[in-house]
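Novice: Sending over a structure as structure tokens; questions will come in a sec.
Only the coordinates and a few stated rules stand behind these numbers; no lab work does. Just so you know, these numbers come straight off a predicted model, no measurement behind them. Here the Cβ positions follow ideal geometry from the backbone for every residue, glycine too, while neighbour counts run over all protein chains shown.
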Ligand code: FES
């Protein structure tokens, strides 16, 4: 059964990069885009690079290890969208200054 877990505060987020948080055994990279907070899997599907430490431009984060780029709103690998490669996205909600992630695992 899904439930919400508080993982961070909005004031911890930066405009140009992500924030990596651990949620019950998973690491999720949070980003703020146009006032909305998005959550994707921390681990880059190329070789496991830390997406939460990547540079954010608009709604796209660049993996700091080899430069693969992912859209944080839907997890799509924007360098080759037809390849079907993507990172998992998580349901994130904001309540006041608190950021919550829906845990389904
Ligand atoms: S590990 Fe992310 S681009 Fe290589």
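Novice: With the chain treated as a Gaussian network of Cα nodes joined by springs under 10 Å, which of 61, 87, 23 yields the largest mean-square fluctuation?
Specialist: With Cα springs under 10 Å in the chain, the top fluctuation among 61, 87, 23 is at 23.
Novice: Turning to a different aspect of this structure: Suppose R0 equals 25 Å. What FRET efficiency, 1/(1 + (r/R0)^6) with r the Cβ-Cβ distance, do residue 78 and residue 3 give to the nearest 0.05?
Specialist: On the way: r = 32 Å, r/R0 = 1.26.
Approximately 0.20, to the nearest 0.05.
Novice: Sorted by mean Cβ packing within 10 Å, highest first, what order do the peptides 29-39, 12-22 take? Mind dumping the intermediate values first?
Specialist: Numbers: 29-39: 19.1, 12-22: 15.1.
In descending order of packing, they fall as 29-39, 12-22.
Novice: Taking Cα pairs under 8 Å and at least six residues apart, what relative contact order does segment 3-103 come out at, in percent? Provide the component values of the computation, followed by the final result.
Specialist: Numbers: 231 pairs, mean separation 29.1, N = 101.
After rounding, I find 29 percent.
Novice: Provide, for q = 0.10, 0.12 Å⁻¹, the log10 of I(q)/I(0) from a solvent-free Debye sum over equal Cα point scatterers in the chain.
Specialist: -0.24, -0.35
Novice: Further question: Among 89, 63, which comes first, second and so on when ranked by fewest other beta-carbon atoms within 10 Å? The partial results should precede the final answer.
Specialist: Numbers: 89 18, 63 23.
By the 10 Å Cβ count, ascending, the order reads 89, 63.
Novice: By how many nm would the segment from residue 13 to residue 57 lengthen if fully extended, with 0.36 nm per residue of separation less the alpha-carbon distance?
Specialist: Details: separation 44, 0.36 × 44 = 15.84 nm, distance 1.43 nm.
Result: 14.4 nm gained on full extension.
Novice: Set the Förster radius R0 to 35 Å, insert the Cβ-Cβ distance between residue 66 and residue 36 as r into 1/(1 + (r/R0)^6), and round the FRET efficiency to 0.05.
Specialist: Computed FRET efficiency for residue 66 and residue 36: 0.80.
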